[in-house]
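Working notes, structure below.
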Amino acid sequence: VLFGVADYVPALMGYVERYGIHLNFGETLVAVDGPAQRATFRRALPADADGTPRSELVTREFDLLHAVPPQKAPDFVRVSPLADAAGWVDIDPHTLRHKRYANVFALGDAGNSPNAKTAAATRKQAPVVAHNVLALRGLAQGEARYDGYGSCPLTVERGKIVLAEFSYGGKLAPSFPDWLIDGTQPSRLAWWLKERILPPLYWDGMLKGREWLAEPELQG
């Protein structure tokens, strides 16, 4: 699909059509010949009558190739006892506590929680882990829970952004009322937010341990 949360697709499709972008779903990059400027993709085909999957190889020429590899956890995580069968740290998606090792927590890209792996997600996860570690040590009360929040500011043109904010299950989780910023539509205010507000929020706040606008939800 073009984007995993359907509410944001109409605005993005408008720009796909405006820019004349050709979408090729169901294709995986398998080889690149840099000197010849040729890329080979495996394209999924309809399955056989007995359900056997089919595919074919398609080679295309390119002027510029931007290839994003499949995401995976680092090798030292994948081979450790902390990993699940797919190689991710095996955590509860809400408490971010390891399912087998009660004194282990994880946040960020290497966990198997089904959230978008974004800096916005980590900003919300860090206070949850901090609180739950303190609670485990008897220094705090209640259990902090992460709702899967993630944010993808999608730049669609200079001066406009589609501000995608969502939680587990693709549920919309806007930080602002629609009359101020409707995240499903391109917005100049969202561009200003990303350009002016978010950099200090991350560099001067999150990365220095300040939990601005990221207080976790507590239970118990």
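The values are calculated or read from the model by the stated rules, or taken from the named source; none is laboratory data. These numbers were taken from a predicted model, which means no experiment stands behind them. Here the Cβ is made from the backbone with ideal geometry for all residues, glycine too, and neighbour counts use every protein chain on show. Ligands, DNA and RNA are excluded from the accessible area calculation, which covers all protein heavy atoms including side chains. Shrake-Rupley method; radii C 1.70, N 1.55, O 1.52, S 1.80 Å.
Numbers at a glance
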{"read-out": "From 191, 203, residue being modelled with pLDDT of 95 or more and hydrophobic (A, V, I, L, M, F, W, C)", "value": "191"}
{"read-out": "Strands (runs of 3 or more DSSP E) (entirely within the range 126-220) containing at least 2 residues that are touching a Cys at 6+ places or on another chain (Cβ under 9 Å) and under 21 Å from residue 10 (Cβ atoms)", "value": "160-167"}
{"read-out": "Subset tally (residues that are over 24 Å from residue 34 (Cα atoms) and of a type outside the set (Asp, Glu)) for the range 59-79", "value": "7"}
{"read-out": "Restricting the range 21-41 to residues that are assigned to a strand (DSSP E or B) and in contact with an Asp or Glu (Cβ under 7 Å, 6 or more places away or on another chain), the residue that is most open to solvent (accessible area, probe 1.4 Å)", "value": "38"}
{"read-out": "Lone unmet requirement of (1) of a type in the set (S, T, N, Q); (2) open to solvent by less than 50 Å² (accessible area, probe 1.4 Å); (3) under 29 Å from residue 93 (Cβ atoms) for residue 175", "value": "(2)"}
{"read-out": "Unique match (being exposed (fewer than 12 other Cβ atoms within 10 Å of the Cβ), free of Cβ contacts under 8 Å to residues at least 24 places away in the same chain and of a type outside the set (Ser, Thr, Tyr)) among 75, 63, 90", "value": "75"}
{"read-out": "Checklist (1) within 21 Å of the chain's Cα centre (by Cα); (2) open to solvent by 40 Å² or more (accessible area, probe 1.4 Å) applied to residue 122, failing item", "value": "(2)"}
